[in-house]
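Here is the structure we will look at, set down as structure tokens.
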Amino acid sequence: MRVTLLGTGSAMPVPDRVQTGLLLERDDRALLVDCGAGVLHRLSTTDVGYEGVSTVLLTHHHLDHVSDLLALLKARWLAGETHLEVIGPAGTKALLDDLLSVHDYLEGRVDLSIREISTGVEFEAAGFEIATHETVHSMDCLAYRFAGGEDGAEFTFGADGEASASIARFADGSDTLLHDCSFPDEVDVDNHPTPTQLGEALAGTDIDRLLLTHLYPHTEGKHEEMIESVERAGFDGDVAVAEDGMRFEV
């Protein structure tokens, strides 16, 4: 599968990072995971485009993960695309109902289907086999593990949340883990990990590569320091800071 990181930023914008979104492709299928502000524009620069995305998978409902959701629906309607499926944790239907009640002229413009999923289940979306795991965050949030890479390789998106032993077990064995690392070590907040906390949680796991994402402005100029902190804390796979537009095969 091919993964394109459309947005690697956070709720506090920086010029070169939009909010969270990633595009997964395999064969002729495409899946958009999260749809924060700026993601629709980034999507328009890909070969798939917004016309080619008929399924959106949400990790949770914070604004920086759903801001462009109705904008995507409208763009697809204007492009003549007639269907959009949105999948996410409990409350996803209520979220869409509320958004459409504000922008009621969009109701009925596309065939909108909504599916709610829970933690600890496996399901299929846009041809991808996906497992779920709850993260430690300020609202219900799901991490996702995607099967179907080369030679059985798997990709895990840790979504938003603190570093934990349970998320480490969930991601163990993945070729690549994309995980929240919102702040450098000197900014210790709830619901997001520091590099040291993340490295400690992932120590001893069999994960080939770790990409740090959901980066707040506080991390600017500290990327190398953050990578070193993860490694010093015990994670022995490759570590890099995610960037908007980064693409890789799994």
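The values are calculated or read from the model by the stated rules, or taken from the named source; none is laboratory data. No experiment lies behind these values; they were computed from the predicted model shown. A quick note on method: Cβ atoms are made from the backbone with ideal geometry, for glycine too, and the neighbour counts reach across all protein chains shown. Remember, those area values only see protein heavy atoms, side chains included, never the ligands or the DNA or RNA. Shrake-Rupley method; radii C 1.70, N 1.55, O 1.52, S 1.80 Å.
Per-structure values
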| quantity | calculated |
| --- | --- |
| Of all DSSP beta bridges in the chain, antiparallel share, percent nearest 5 | 55 |
| Peptides 98-105, 116-123 ordered by average Cβ neighbours within 10 Å, highest first | 116-123, 98-105 |
| Residue among Y144, A165, M226 farthest towards the positive dipole end of the range 138-250, charges placed on Cβ | Y144 |
| Estimated FRET transfer efficiency (K93, E231; beta-carbon r; R0 45 Å; 0.05) | 0.60 |
| GluC sites (Glu not before Pro) restricted to the range 129-216 and DSSP loop, no more than 15 other C-beta within 10 Å | E186 |
| Share of carbon and sulfur in the accessible heavy-atom surface of the chain [1.4 Å probe, %] | 45 |
| Accessible surface, the chain, averaged per residue in Å² (probe 1.4 Å) | 41 |
| Electrostatic dipole magnitude of the range 79-158 [Cβ: Lys, Arg +1; Asp, Glu -1; Cα centre; debye, to 20] | 160 |
| Distance between the range 182-240 and the range 1-71 - C-alpha centres, whole angstrom | 23 |
| Antiparallel bridge percentage (DSSP; both residues within the range 72-206; nearest 5) | 55 |
| Degrees separating the helix 69-78 axis from the principal Cα axis of the chain, which is the longest one | 40 |
| Nearest 10 degrees, 0 to 90: helix 92-102 Cα axis against the chain principal axis | 50 |
| 11 Å beta-carbon shell around A203, net charge (K/R +1, D/E -1) | -2 |
| Dipole in debye (nearest 20) - the chain, about Cα centre, beta carbon charges: Lys, Arg +1; Asp, Glu -1 | 680 |
| Segment S138-S166, extension gain: residue separation times 0.36 nm, minus the distance between their alpha carbons | 8.4 nm |
